[in-house]
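Undergrad: So that we are looking at the same thing, I have put the structure below in structure tokens.
The values are calculated or read from the model by the stated rules, or taken from the named source; none is laboratory data. Keep in mind that this is a model prediction, so the values were computed, not measured. As a convention, Cβ positions derive from the backbone with ideal geometry for all residues, glycine included, and neighbour counts pool all protein chains shown.
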Amino acid sequence: MQRLKKTVVMVGMMGAGKSAVGNALARALGVAFRDSDDEIVKAASRSIPEIFERDGEAFFRARETEVLARLLRGAPCVLSTGGGAYLSEANRALIRESGVAVWLRADLDLLWQRVRHKTTRPLLRTANPRETLRQLYEARVPLYSLADIVVDSAADLSIEEMAQKVA
Ligand code: S3P
């Protein structure tokens, strides 16, 4: 198997399947899988909702940039990011330098089906989370579109099939 030259960075909305597909892709390629949210949680010893609540979103975003910079300096791997990670120019520049950004594109209805019953996303703790998700989606799509590769997430494909599509 050809060795991976750059880190494959999974970007896109919450619920797109970045972690699940990224994990399967890493296994298929025989490389390590990393997840920026997991690294932030590990370092802070608290959950993402707790970090947002106690330290604020700006603190979370600063940690996210640090984690991306650190992981992108390491050996090429598959790196799944949180839904907001690709929005900042600084993060995109880091990713551009040592990675290939893959936008896992999914339509809003599919995203909503996947996130509606979860309570782990602080940005969706609003009076109307469906509308909040729509607004985030509208605002973010133009930035996700800057990714190097776009792969459509299909509801009828398994995680492994999605990983093969990305590969
Ligand atoms: C966020 C998405 C989350 C997590 C945090 C912020 C976002 O990750 O990083 O709650 O801004 O969209 P997932 O995309 O893995 O849910």
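Undergrad: Report, ordered by the first and then the second residue, all pairs with beta carbons closer than 7 Å, sequence separation of six or more or different chains, a first member in region 107-130 that is within 25 Å of VAL151 (Cα to Cα), and a second member that is among the small types (Gly, Ala, Ser) and surrounded by fewer than 16 Cβ atoms within 10 Å (Cβ to Cβ).
TA: Matching pairs, first to second residue: LEU110/ALA155.
Undergrad: Of the residues VAL8, VAL31, which single one is more than 9 Å from the ligand (Cβ to nearest atom), at pLDDT 95 or above, within 13 Å of the chain's Cα centre (by Cα) and surrounded by 15 or more Cβ atoms within 10 Å (Cβ to Cβ)? Spell out the reasoning first.
TA: On the way: VAL31 fails: within 13 Å of the chain's Cα centre (by Cα).
The conditions single out VAL8.
Undergrad: Could I ask something else about it? Looking at region 1-26, I want the residues that are over 20 Å from ARG73 (Cα atoms) and have a partner that is among the basic types (Lys, Arg) and in a helix (DSSP H, G or I) with Cβ atoms under 6 Å, at least 6 apart or on another chain. Which pairs are those?
TA: GLY12/LYS18; GLY15/ARG114
Undergrad: Would a scan of region 41-49 turn up a residue that is in a helix (DSSP H, G or I), within 10 Å of the ligand (Cβ to nearest atom), free of Cβ contacts under 8 Å to residues at least 24 places away in the same chain and not hydroxyl-bearing (Ser, Thr, Tyr)? So that I can check it myself, show each step before the final result.
TA: Of all residues in region 41-49, those in a helix (DSSP H, G or I) come to 41-44, 48-49.
Add one more test, that the residue is within 10 Å of the ligand (Cβ to nearest atom), and what stays is 41, 48-49.
Checking the rest, the ones that are also free of Cβ contacts under 8 Å to residues at least 24 places away in the same chain come to 41.
Applying the additional criterion that residues be not hydroxyl-bearing (Ser, Thr, Tyr) yields 41.
Yes, region 41-49 contains at least one residue that is in a helix (DSSP H, G or I), within 10 Å of the ligand (Cβ to nearest atom), free of Cβ contacts under 8 Å to residues at least 24 places away in the same chain and not hydroxyl-bearing (Ser, Thr, Tyr).
Undergrad: Confirm whether GLY22 is of a type outside the set (A, V, I, L, M), assigned to a helix (DSSP H, G or I), surrounded by 14 or more Cβ atoms within 10 Å (Cβ to Cβ) and within 12 Å of the ligand (Cβ to nearest atom). Reasoning before the result, please.
TA: Numbers: of a type outside the set (A, V, I, L, M): yes; assigned to a helix (DSSP H, G or I): yes; surrounded by 14 or more Cβ atoms within 10 Å (Cβ to Cβ): yes; within 12 Å of the ligand (Cβ to nearest atom): yes.
In short, yes.
Undergrad: Restrict the check to region 58-81 and report whether at least one residue is closer than 27 Å to THR119 by Cβ, over 14 Å from the mean Cα position of the chain (by Cα) and of a type in the set (Lys, Arg).
TA: So far as region 58-81 goes, yes, one or more of its residues are closer than 27 Å to THR119 by Cβ, over 14 Å from the mean Cα position of the chain (by Cα) and of a type in the set (Lys, Arg).
This table checks each residue for (1) touching a helix residue (DSSP H, G or I) at 6+ places or on another chain (Cβ under 7 Å); (2) over 20 Å from PRO49 (Cβ atoms); (3) modelled with pLDDT under 95; (4) among the acidic types (Asp, Glu).
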{"position": "PRO76", "(1), (2), (3), (4)": "no, yes, no, no"}
{"position": "SER80", "(1), (2), (3), (4)": "yes, no, no, no"}
{"position": "SER153", "(1), (2), (3), (4)": "yes, yes, yes, no"}
{"position": "MET162", "(1), (2), (3), (4)": "yes, yes, no, no"}
